[in-house]
Amino acid sequence: MRIVFAGTPAVAVPALDALVDSRHEVVAVITREDAPLGRKRVLTPSPVAAAAESLGLPIVKANRLRDAEAEAVRALSADLGVVVAYGGLLRRPMLEATRLGWINLHFSLLPRWRGAAPVQRAVMADDAETGSSVFQLVEELDAGPVFDEERRAIGPDETAGDVLAALAVSGAAQLVRVADALADGTAVAAPQVGEPVYADKLSPDDARLDWADDGRRGYARLRGVTPEPGAFTTVGGGRFTIRTARLAVGAERLAPGRFGARGGRVYLGTATHPLELLIVQPAGKKPMPAADWWRGVQSDDLVAE
């Protein structure tokens, strides 16, 4: 089949690579426009744009898919459109621009966690499992019938970044299986069953930790916002980012927001079990081992807010 691929972040690249290596032909790649990155705000192509360029594929860069983009796709006489984390909605003209419509690789067990941040929300909610779904795109958000679903346990210490990286690889193979079935005429999609739960895009407030919260809930939140946007608190009036940590079950309790050090390890209190801090980033500094940071600032008066 002739396939048009739409995606933007690094998590979509394994799916693009898998389709290029499959029996199908990727005739064009749609991705979002170059975005300013870093302190100097240098305009930078998306990871999918960079991958498509290295593969010699035609690229369309657009932040919104209007009638002009739909007509460009229609002119390609594509059989199927494939979306993986493109970052924008596809309206009816685009959905109808390919012979078989569009399918989407979504990183959740639909209808749970429809929306922009399914893995992050699943980890933050301390879900025991997640997975990936390949479904037929319709105009309603992530509501189409599902062709294929794979389930995966979420490890007790896995971050959203860990889970996404794994699902990106397994989901790429899953996507090719569905494309093969569609080409062979054997694909069957089933309606989604259950009450939808929505995964809103993460905000800065989602990344702020509440030390009055239960330790397990706080640790789940930390894992869910790692690596992006990155869990943080306020220490001495400045932003204090916690890059890596673990739940210290069995360690001596500390008052919420209070630091403590024992045996070369640095702990931060919650309402229940403390967190052991591993890698931290104080305001204006680079990430460093928590023990190194503590040696330079240790104080009984230091509090995380």
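Please work out which option in (1) 38, 59, 3, 0; (2) 31, 48, 20, 1; (3) 34, 60, 6 gives P(r) over Cα pairs in 20 Å bins from 0, in percent calculated from these coordinates, and answer with its label. Given (1) 38, 59, 3, 0; (2) 31, 48, 20, 1; (3) 34, 60, 6, the calculated one carries the label (2).
Surface composition of the chain: carbon plus sulfur atoms contribute 52% of the solvent-accessible area (1.4 Å probe, protein chains only, all chains present). Accessible area per residue for the stretch 18-119 is 50 Å², calculated with a 1.4 Å probe on protein heavy atoms, without ligands, DNA or RNA. Each peptide in 34-41, 104-111, 74-81 receives the mean, over its residues, of other Cβ atoms within 10 Å, and ordering these scores from highest gives 104-111, 74-81, 34-41. Across the stretch 91-198, the volume of the C-alpha convex hull divided among the residues equals 95 Å³ per residue.
3J(HN,Hα) couplings calculated from phi for the stretch 47-62 with the Karplus curve 6.51 cos²θ - 1.76 cosθ + 1.60 (θ = phi - 60°) are, in sequence order, x, 5, 4, 5, 5, 5, 5, 5, 8, x, 8, x, 10, 10, 9, 7 Hz; Gly and Pro show x.
Tilt of helix 215-224 relative to the longest C-alpha principal axis of the chain, in degrees (0 to 90, nearest 10)? In the chain, helix 215-224 runs at an angle near 40 degrees to the longest axis.
Rounded, prolate or oblate: which fits the stretch 33-169 when a ≥ b ≥ c are the square roots of the eigenvalues of the alpha-carbon gyration tensor, with rounded for a/c under 1.5 and prolate only if a/b beats b/c? The partial results should precede the final answer.
On the way: a/c = 2.12, a/b = 1.28, b/c = 1.66.
Verdict is oblate for the stretch 33-169.
Packing order of peptides 221-229, 7-15, 292-300, highest average first: 7-15, 221-229, 292-300 (average count of other Cβ atoms within 10 Å over each peptide's residues). Computed from backbone phi, the HN-Hα couplings of the stretch 283-290 come to 3, x, 10, 7, x, 8, x, 4 Hz, rounded to whole numbers (Karplus: 6.51 cos²θ - 1.76 cosθ + 1.60, θ = phi - 60°; Gly and Pro given as x). The lysines whose alpha-carbon is closer than 29 Å to the alpha-carbon of K286, local same-chain residues fewer than 8 away aside, are K40, K201.
Heavy-atom accessible surface of the stretch 180-305, averaged per residue, reaches 54 Å², computed with a 1.4 Å probe. Taken one residue at a time, the phi angles of the stretch 147-152 give Karplus couplings (6.51, -1.76, 1.60, θ = phi - 60°) of 7, 7, 9, 10, 9, 8 Hz. Gly and Pro are set to x.
The values are calculated or read from the model by the stated rules, or taken from the named source; none is laboratory data. Fair warning: this is a prediction, and the values are worked out from it, not measured in the lab. Note: ideal-geometry Cβ built from the backbone for every residue, glycine included; neighbour counts use all protein chains shown. Quick note on the areas: whole protein, heavy atoms, side chains included, nothing else; ligands and nucleic acids left out. Shrake-Rupley method; radii C 1.70, N 1.55, O 1.52, S 1.80 Å.
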